[in-house]
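Q: Structure in structure tokens, see below.
The values are calculated or read from the model by the stated rules, or taken from the named source; none is laboratory data. Keep in mind that what you see is a predicted model, and the values were worked out from it rather than measured. With ideal geometry, Cβ positions are generated from the backbone for all residues, glycine too; neighbour counts draw on all protein chains shown. The protein model used for the area step is the full one, side chains on, heavy atoms only, and it has no ligands, DNA or RNA in it. Shrake-Rupley method; radii C 1.70, N 1.55, O 1.52, S 1.80 Å.
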Amino acid sequence: MKRINSSVLLVGLACLCCWAAMTEARLSRQHRKLEDNEYMAYKDPRQPIETRINDLMDRMTLDEKVAQMAQLDRGSVTEELMKEHNIGSVLNGGESLPRVGLTAYEDIDMINKFQNWSLQSRLAIPIIYGIDAVHGHNNVYKATLFPHNVGLGVTRDPDLIKRIGAATAAEVKATGIQYAFSPCVAVCRDPRWGRCYESFSEDPSIVRQMTEIIAGLQGEVPAGQKGHPYVGGKEKVAGCAKHYVGDGGTIKGINENNTAIDRNELLKIHMPGYLDSIDKGVCSIMVSYSSLNGVKMHANHDLVTNYLKDTLKFKGFVISDWQGLDKITYPFHSNYTYSVLAGVTAGIDMFILPFNYTEFHDTVLDLHFKNLISDSRIDDAVYRILRIKFIMGLFDNPMADYTFVDRLGCQAHRDLAREAVRKSLVLLKNGKKPNTPFLPLPKKANRILVAGTHANNLGYQCGGWSITWQGVSGNNNTVGTTILGGVIATVYATTEVVHSLNPDPDFIKASNIDYAIVAVGEPPYAETKGDNLNLTIPEPGPSIISNVCSVVQCVVIVVSGRPLVIEPYLPMMDALVAAWLPGTEGQGVADVLFGDYGFTGKLARTWFKRVDQLPMNVGDKNYDPLFPFGFGITTEPHMSYLKSASVGRKLRTRKLVLLCKMVLLITLQICGCFRT
């Protein structure tokens, strides 16, 4: 019996060993490339999206899930990293590709290279590639740059904003990119904030109107799908509402500072833009660097999970800002383990980790091993990210093509940007005497002067987030028309245009100038570098205004990302125009200055008298502005296109007919063929 039992035992052990070996082989196979003949529901476009997500997640390891939660800067991406880890997302940082002359074809080829690496990973999950496209495809050479949001809010024209969104999406797709970090739905309550120009208005109702840009970027959500993330076709991109929440209300407008506000005011002022963004199907929401009542938004479980996800039922993914985890603690990156724990458990799904994926990966795994980050939290993040990838169609069409290359900077988009410039201008003063308007300017003159730091500087005209993060100076970094160029193209050929940055008054007197156009304002800036407690026009701007306007009649154009101190110089000017940051199409400024179109813009921000009044917003108790919210002088076109196109044509036709008759009569008389 003992021998028999021993034999049975040996057989049993052999079977057990075989079973273990088979199990290990099966598991090993799961960790290698999946066999081509295995049916994978997540790769089947006939299956419902939820089925595909569930099937894919059942196949994923913890390592692969954590990798989906990461977004790396393109400069940190390697072939090994993409193939082995299957990183979820890649982005162009604000300073990542500022190369003049880079073509759309080169961009597409680069992105496809990254995508190919990703598709060679075990599960072949495609990446989503993102970029800041905040006023057009602003980091790309030759792209159309629209006015920044501070100007677009002035238009109060949701249809225009929707068309701008569609044009931006087409130009982003022209370079193979599928994801735009736009729109900014911040409500800037203090112009001292360096990001104020990224905000449409101090009034949440205008910001709500402007969320129509999402329909342009992503497509119109079909009936019955409101509130669900949506991307409607190859020419559309995934959008991102930002920066959640309260970033425009920080104390003294200091970037990344604390917003001190009660719950009711937060929901009334800073939250409405997100309600509309979610309703319009926005795919992602980016968390703010700022704090709310002392709690970092990147660590705010109550507002990210409890309110955004659970109360508002947001179904897209929540993404951090650039190195947002590192900024949870001070000094920067000083307690990374705590920061990762706080950010992940707050409810953030994807993290912009431009340079340190390995550290993030190892930290998450360690916290998961210690039961501090749950499986359910990681699964929630990955599920949301995959949902957007399936909605975008990345699993079925992961590779970019050259379909939209010719849309980059195309004439139709430049015409649209020119329209936006016209509608975003606000006329704040027109004439030194009542009923004696100075504008529109005559196109026919002997000699006119165009002066100022911003008259012939395309980079200054575009502001920050233009080619580079902080913006650039000069006319050689992208393609467009300066204000000076627009003036020259508009006036009569016989009108001499004199250009001088800061002309001497004696020179102006000696030059017999009929009138002057002076363009001054702020140099480009972005984020914290734009924080400004004084809000004065930098020199030589004030000197130029004084030197020119004290000698000759002048219109001053302020090119800026916010209202600036202007009251001391106002009496010198015959006219004052707020042009904000108009972008590449400066011709739109000339269109309105010379009366081909009328001024229609109304302030979407309060224009203060002195900085000691700030913050000051419409509806405040002690509201005493220089120019109130909603102010703007309207004008009619000098020779409206209706007249020139219809009546004008008829008049010209009649004149031509009369002239022909006269010539005929004279000819007949000379020939003796006509007797009186």
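Q: Using the Kyte-Doolittle scale, which helices in the chain average at least -0.5 and also have C-alpha atoms spread 27 Å or more along the helix axis, with helices defined as whole DSSP H runs?
A: Membrane-span-like by this criterion, though nothing is claimed about a membrane: 2-31, 648-671.
Q: Along the positive direction of the dipole of the chain (beta-carbon charges: Lys, Arg +1; Asp, Glu -1; about the Cα centre), which of P126, I448, C240 reaches farthest?
A: Of P126, I448, C240, it is I448.
Q: If you roll a 1.4 Å probe over the heavy atoms of the protein chains, what accessible area per residue do you get for the stretch 450-566, in Å²?
A: Value returned for the stretch 450-566: 34 Å² of accessible area per residue.
Q: Restricting to DSSP H runs of at least four residues, report the calculated mean residue ellipticity at 222 nm for the chain, -39500 (n - 2.57) per run over all residues, nearest 500 deg cm²/dmol.
A: So the calculated ellipticity at 222 nm is -10500 deg cm²/dmol.
Q: What does the charge dipole of the chain about its Cα centre add up to, to the nearest 20 debye, if the Cβ of each Lys and Arg holds +1 and the Cβ of each Asp and Glu holds -1?
A: Numbers: 70 positive and 68 negative charges, 457 e Å.
Roughly 2200 debye for the chain.
Q: If you take every DSSP beta bridge fully contained in the chain, what fraction is antiparallel? Give it as a percent rounded to 5.
A: The antiparallel fraction comes to roughly 20 percent.
Q: Can you work out the accessible area per residue across the stretch 260-364, with the rest of the protein chains kept in place, probe 1.4 Å, in square angstrom?
A: On a per-residue basis, 34 Å².
Q: Dipole of the stretch 382-488, Cα-centred, from +1 at each Lys and Arg C-beta and -1 at each Asp and Glu C-beta, to the nearest 20 debye?
A: Here the size comes out at about 720 debye.
Q: Sorted by average packing, counted as other Cβ atoms within 10 angstrom per residue and highest first, what order do 217-227, 526-536 take?
A: The peptides rank, most packed first, as 526-536, 217-227.
Q: Right, another one. Using a 1.4 Å probe over the heavy atoms of the protein chains, calculate the carbon and sulfur portion of the accessible area of the chain as a whole percent.
A: 55
Q: Students often get this wrong, so check it: of K423/K602; K315/K389; K43/K389; K268/K529; K242/K327, which have C-alpha atoms separated by over 20 Å?
A: Checking Cα-Cα distances, K268/K529 exceed 20 Å.
Q: Which of the GluC sites (Glu not before Pro) found in the stretch 88-174 are loop residues per DSSP with 13 or fewer other Cβ atoms within 10 Å of their Cβ?
A: Working: sites: E95, E106, E171; in loops: E95.
Sparse-neighbourhood loop GluC sites (Glu not before Pro): E95.
Q: While we're looking at this one, here's another question. Please give the contour-minus-distance gain from V497 to K621: 0.36 nm per residue of separation, less the Cα-Cα distance, rounded to one decimal in nm. Walk me through the numbers on the way to the answer.
A: Details: separation 124, 0.36 × 124 = 44.64 nm, distance 4.75 nm.
Net length gain for the segment: 39.9 nm.
Q: Working out 0.36 nm times the residue gap between A223 and K433, then minus their Cα-Cα distance, what length gain in nm do you get to one decimal?
A: 70.2 nm
Q: State the dimensionless ratio Rg/Rh of the chain (Rg: radius of gyration of Cα atoms; Rh: Kirkwood radius).
A: Ratio value, two decimals: 1.11.
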